[in-house]
Amino acid sequence: MLGGLLKEARSGMSCIARRSKKRRANRRGSEDRGCSAMRKTIHQLAILGIVLVLVGITACSQKRKPLVPLGLENEVKAQATALTEEGTQAYQAKQYEEAKRYFEQAMAAAPQSGPAHYNYALALNALGDSEVARQHFLEAANLSPGDKTIWDSPALSAYGNPENKGRTKDRPYGTHRPNFGGMPRY
């Protein structure tokens with residue numbers, strides 16, 4: 001016993017102090033294990049978040065359908081159909097000026113044909129004359145109200161809803177600004 005007391009005195013630590021030191025070391029080890037598990041979980045969640053963002057981006061970015069001229073209805077003149085076929089070949093060969101001439105002639109031969117206006121608008125759009133193209137896209141949509149291809153085309157959707165152009169807000173502008181709760185200040 002005396003030897004044990006001498007040993008404690010030399011080391012400067014009591015038995016109780018050594019035990020508490022061991023406990024702290026054990027706690028620190030378990031805390032390290034807990035931190036390691038927490039870091040691993042955070043890392044996995046970060047990777048999962050990145051994967052979900054990438055999947056969302058690729059799912060939402062649909063590739064636009066290529067713009068292709070439409071065939072004319074059966075009721076139109078054979079001349080308009082032949083001109084449309086020539087214009088389609090020129091358009092697909094990226095000879096937009098030539099395609100514009102053919103589609104313009106086809107539109108003159110069949111002025112009540114929605115696809116004829118649509119094709120002419122495609123050529124104008126490809127040449128960069130977007131304002132005239134917009135008018136013909138809208139005319140094509142008006143002449144062919146049930147044609148889903150014309151109404152849902154990327155070329156027409158870029159121009160938005162024609163009724164909203166230049167439309168102002170329904171509520172009048174006032175001098176009162178809303179405050180917390182949406183009530184006007186006086």
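A crude spin-label estimate for the pair ILE57 and THR149, with each label 7 Å from Cα along the Cβ direction, gives 3.5 nm.
Taking label points 7 Å from Cα along the Cα-to-Cβ direction, MET38 and ASN142 give a separation of 6.7 nm. For the range 39-55, 3J(HN,Hα) computed residue by residue from phi via the Karplus equation (6.51, -1.76, 1.60; θ = phi - 60°) reads 4, 5, 5, 5, 4, 5, 5, 5, 5, 4, x, 5, 4, 5, 5, 5, 5 Hz, glycine and proline entered as x.
A short reminder: the numbers here are calculations on the coordinates, not readings from a lab. From a predicted model like this one, the values you see are computed outputs, not experimental measurements. Backbone-built Cβ (ideal geometry, glycine too); neighbour counts: all protein chains shown.
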